[in-house]
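> Below you will find the structure I want to go over with you.
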There are 2 protein chains.
Amino acid sequence: MDVSGTASSETAKQVAGGAEPAAATRARGRRQGYATGDARRARILNIALQEFGENGYRGTSLARIAERAELTQAGLLHHFRSKQELLTAVLDLRDSMDAERLDLSNLPDGGEPALRALVALVEHNARKPGIVQLFTVLTGEAVTTDHPAHAWARERYRLLSTSITTALRHGTESGELRADLDPEACGRQVIAMMDGLQLQWLLDPEQMDMAAVFRTYIEGLLGQIRA
Amino acid sequence: MDVSGTASSETAKQVAGGAEPAAATRARGRRQGYATGDARRARILNIALQEFGENGYRGTSLARIAERAELTQAGLLHHFRSKQELLTAVLDLRDSMDAERLDLSNLPDGGEPALRALVALVEHNARKPGIVQLFTVLTGEAVTTDHPAHAWARERYRLLSTSITTALRHGTESGELRADLDPEACGRQVIAMMDGLQLQWLLDPEQMDMAAVFRTYIEGLLGQIRA
DNA sequence: GTCTATAAGAGGATAGAC
DNA sequence: GTCTATCCTCTTATAGAC
């Protein structure tokens, strides 16, 4: 059931900063102009991230998150005024975690470096089923136009798409890649391949080595588009 | 909890019934051992298909479906004993609609014919956003292990995967495709590309010509794997 | 085959005490 | 900052009349 079990402890560290005494956290929080209770917030966020990933937005209840965070639902709503606000915070958190590894809006320049960076990202993701699932489940839900994450998802794809497209275009312009390559279509394809493989991998992890299949794809693609 | 089992082809035929007089339908139903009220059932199924596609399984209520089908929730539950049973019937319906166009478990033999058949399927799908969305939303939700459609989705991918893999393998064996092609990995990639492009297309239809991008991909792939 | 009525519960959100 | 208590709505499913 707990698909993201391994990921959780690591993510907690990234956000919470460990088992610091609450008083110290509070004091520093005030100095830096934060609201107090950062550790609490971080704990809630990490639990929410797991729950949204495991059951989707609609399938997750505030009560369940509150229970796991060891406070009441009303207490939770003190930190996040609504379920939707909590979701937004979780999505921001996920984006910032990605950014630590690889700034998707600023890929290495040139075709081959950019594509190899993506291979590294997929290899990284293959060790983080929880995070991948959060993304896959929410993006699927968000296809619905009135879903609270719809705008987030659309924006994310536009950003990612232009990022890859730009890197590829630079490759064609520098002569690294074939001049007749369509950078936009190619970029969309690469993103689609990442998402599609994630889906198959999550549904049936034993059936596929996601990172290996993606690497094979990129190798083939490079052989095809190199000048 | 078994979603992938029973009901299958019977439900499909019931739905195809259309605007036949109710009395005739009922009489034939009795002869063939169906429950009566086929037209009603079909109407419910088609509405449920729309609703599940628009809001996902969790986001859809029986009351809403009943309202659109012009009966009460209790009346609806006379035809389908539970929400899950209704979902199962909808999934069977969707599969049978696909089958009308292209039997995915029995693709044309050989690499190029099979891949070209998939291009035709994607072109067809690009004109059916509702059906594509049902699939995308439910598959995303179904990543969760305890989702009622989880087994259905996993089974569907296994089937589809072996189907494409088989066609490609025949291609390598007949000398049509390069001997060093990995049919399994390649098959998984093709499926992933279809799913990933669907996702981007649904989120932002104006941003992409799904069929064109997929065709480009397949052309490039063919150039790469042909012997 | 369809209805009304209702059980039995979970959902999100708010008010006010401490 | 967290609690209890409560509200109101929505959910799935069942019972029994017609």
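> For residue B:178 and residue A:82, what does the FRET efficiency come to when R0 = 60 Å and r is the distance between their Cβ atoms, rounded to the nearest 0.05?
Efficiency at R0 = 60 Å is approximately 0.60.
> Let me ask something else. So which aspartates and glutamates pass the test for residue A:128, namely a Cα distance under 14 Å, with those fewer than 8 places away in the same chain ruled out?
A:2, A:10, A:54, A:98, A:209
> Buried by at least 50 Å² relative to the chain on its own: which residues of segment B:205-227 qualify, computing accessible area with a 1.4 Å probe on protein heavy atoms?
B:207, B:224
> What does the buried accessible surface come to for B and A, summed over both chains, with the probe at 1.4 Å? Round to 100 Å².
Accessible area lost upon association: around 3600 Å².
> Please compute the modelled spin-label separation between residue A:105 and residue A:212, points set 7 Å along Cα→Cβ, answer in nm with one decimal.
3.7
> Right, here's the next one. Label residue B:151 and residue A:61 with points 7 Å out from Cα along Cα→Cβ: what is the distance between them in nm?
2.6
> Quick one: in segment A:102-225, what % of C-alpha pairs are over 21 Å apart?
Pairs farther apart than 21 Å: 41 percent.
> Sticking with this structure for a sec: Multiply the residue separation of residue A:227 and residue A:123 by 0.36 nm, subtract the distance between their alpha-carbon atoms, and state the gained length in nm to one decimal.
34.8 nm
> What are the residues of segment B:114-155 that lose 30 Å² or more of accessible area, with a 1.4 Å probe, going from their chain alone to all protein chains?
B:137, B:140, B:143, B:144, B:145, B:146, B:154
> Follow-up. Tell me which trypsin sites (Lys or Arg not before Pro) from segment B:95-159 have a DSSP coil assignment and no more than 13 other beta carbons within 10 Å of their own.
B:127
> May I pose another question? Considering the dipole of segment A:66-142 built from charges on the beta carbon (Lys and Arg +1, Asp and Glu -1) around the Cα centre, which of A:115, A:102, A:79 is farthest to its positive end?
Ranked along the dipole, the leading option is A:79.
The values are calculated or read from the model by the stated rules, or taken from the named source; none is laboratory data. Note that the structure is predicted; figures quoted are calculated from it, not measured. A quick note on method: Cβ atoms are made from the backbone with ideal geometry, for glycine too, and the neighbour counts reach across all protein chains shown. All accessible areas refer to the heavy atoms of the entire protein, side chains included, with ligands and DNA or RNA removed. Shrake-Rupley method; radii C 1.70, N 1.55, O 1.52, S 1.80 Å.
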